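Everything below concerns the one structure shown next.
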Amino acid sequence: MFQLQINWWVVAIVAIVITALFVFVVGAVIRSQRRRPITGKEGLIGKTALVQTKIDPTGMVLVEGEHWTAKTDGDRIEPGEEAVVTRVDGLKIWVTKKK
């Protein structure tokens, strides 16, 4: 009968390459899942907003080139000051005065 001989070095090298590729892909997937979102409402948290109208407790701000209705729990924020986005609630964002 016909016998096929396989070089074990070839098998080992192919297995190592496939394992390395698998580890790389799994690592890339895990890193992508741990990354902080940069779009959507989750991406706005922590961004700097420029106050357009007085916020006492509601006003308008400019964040990433978009106008938003903003609310604050803290002190009044005057136009031209900077604020930090703390949370997003529907179409309103909550801000605090930037230190």
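Within the shell of other residues whose beta carbon sits under 15 angstrom from the beta carbon of M60, the net charge comes to -2, with Lys and Arg scored +1 and Asp and Glu -1.
Dipole of the chain computed with +1 at Lys/Arg Cβ and -1 at Asp/Glu Cβ about the Cα centre; of N7, V17, G59, farthest Cα towards the positive end is N7. Extending 7 Å from Cα along the Cβ direction at V17 and again at D56 yields two label points whose distance is 7.2 nm.
For the options V17, V29, V63, a Gaussian network treatment of the chain with springs between C-alpha atoms closer than 10 Å singles out V17 as fluctuating the most. Result for the chain in a Gaussian network model with C-alpha springs under 10 Å: among I13, I55, I77, the largest mean-square fluctuation is at I13. How big is the charge dipole of the chain about its Cα centre, in debye rounded to the nearest 20, if each Lys and Arg gets +1 on its Cβ and each Asp and Glu gets -1 on its Cβ? Taking the Cα centre of the chain as origin, the dipole is about 220 debye.
Between S32 and W9, what is the FRET efficiency for a Förster distance of 25 Å, r being their Cβ-Cβ separation, to the nearest 0.05? With R0 = 25 Å, the Cβ-Cβ based efficiency is 0.10. Could you tell me which of W68, V26, W94 has its Cα farthest along the dipole of the chain towards the positive end, charges placed at Cβ (Lys, Arg +1; Asp, Glu -1), taken about the Cα centre? Projecting each Cα onto the dipole axis, the largest value belongs to V26.
Computed from the coordinates by the stated procedures, all read-outs in this text should not be read as laboratory data. Computed from a predicted model, the values in this text were never measured in an experiment. Here Cβ is always computed from backbone atoms with ideal geometry, including for glycine, and neighbour counts include all displayed protein chains.
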